[in-house]
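J.: Please read through the structure below; I'll follow up with questions.
The values are calculated or read from the model by the stated rules, or taken from the named source; none is laboratory data. The structure presented is a predicted model; accordingly, all values stated were derived computationally and were not measured. All Cβ positions, even for glycine, are placed from backbone atoms using ideal geometry, and neighbour counts span all protein chains on display.
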Amino acid sequence: MPDFAPGGKELDCQQTLLVIKPDAVRRRLVGEIIRRVEADRFRICDVRLTHLERARAEEFYAIHQGKEFFAPLVDFMTSGPVMALRLERPDAVRRLRELAGATDPKQAKPGTIRADFGTTTRENVIHASHPDENPEQEIRFYFGNHR
């Protein structure tokens, strides 16, 4: 169902990427996370369950290469399956980041996904594309040329 601005004009939709991390998959939080995303009027365009190989995880998180948390992050992201979702709605990137909450669950606003389910900065249950980190490129990483 399309979203409309006041006056009946259909709003332009934007796509973004959500990755449900291994900790959330292990803890059986996938359904609840998807429920929250859909309740916030996101449309799921594509979904993929995968187990990242080390080289792929290093490629995805290359922006953090050289930082002290890079190797532990790659270890974590390859520790079990992840579920990638290509999502769509008006202002999708910004809105998903709000719904996700701060990277550190202790600093995330109450009611956000990370505040409710995250346990540490690394094990914070989801990755939500950041507008400065090229969401379209992240979508292509998991889904190829999707249009």
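J.: Looking only at region 52-66, count how many residues are closer than 20 Å to ILE126 by Cβ and assigned to a loop (DSSP other than H, G, I, E, B).
T.: Of the residues in that region, 2 qualify.
J.: For region 14-48, enumerate the residues that are surrounded by fewer than 16 Cβ atoms within 10 Å (Cβ to Cβ) and either modelled with pLDDT under 95 or among the small types (Gly, Ala, Ser) (or both).
T.: Answer for region 14-48, where residues must be surrounded by fewer than 16 Cβ atoms within 10 Å (Cβ to Cβ) and either modelled with pLDDT under 95 or among the small types (Gly, Ala, Ser) (or both): GLY31, ALA39.
J.: Hey, does region 65-72 have a residue that's at positive phi and either at pLDDT 95 or above or surrounded by fewer than 20 Cβ atoms within 10 Å (Cβ to Cβ) (or both)?
T.: yes
J.: When you check PRO131 against the structure, is it within 24 Å of ASP12 (Cβ to Cβ), loosely packed, with under 12 Cβ neighbours inside 10 Å and under 16 Å from the mean Cα position of the chain (by Cα), yes or no?
T.: Against the criterion (within 24 Å of ASP12 (Cβ to Cβ), loosely packed, with under 12 Cβ neighbours inside 10 Å and under 16 Å from the mean Cα position of the chain (by Cα)), PRO131 qualifies.
J.: Filter region 10-51 down to residues that are closer than 21 Å to ARG122 by Cα, part of a loop (DSSP other than H, G, I, E, B) and not charged (D, E, K, R), then give me how many there are.
T.: The total comes to 2.
Residue-wise test of (1) assigned to a loop (DSSP other than H, G, I, E, B); (2) among the acidic types (Asp, Glu); (3) surrounded by 19 or more Cβ atoms within 10 Å (Cβ to Cβ); (4) in contact (Cβ under 8 Å) with a residue 24 or more places away in the chain.
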| site | (1), (2), (3), (4) |
| --- | --- |
| SER79 | yes, no, no, yes |
| MET83 | no, no, yes, yes |
| VAL93 | no, no, yes, yes |
| LEU96 | no, no, yes, yes |
| THR103 | yes, no, no, no |
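J.: Among the residues of region 49-64, which ones are surrounded by 13 or more Cβ atoms within 10 Å (Cβ to Cβ) and among the hydroxyl-bearing types (Ser, Thr, Tyr)?
T.: Correct list: TYR61 only.
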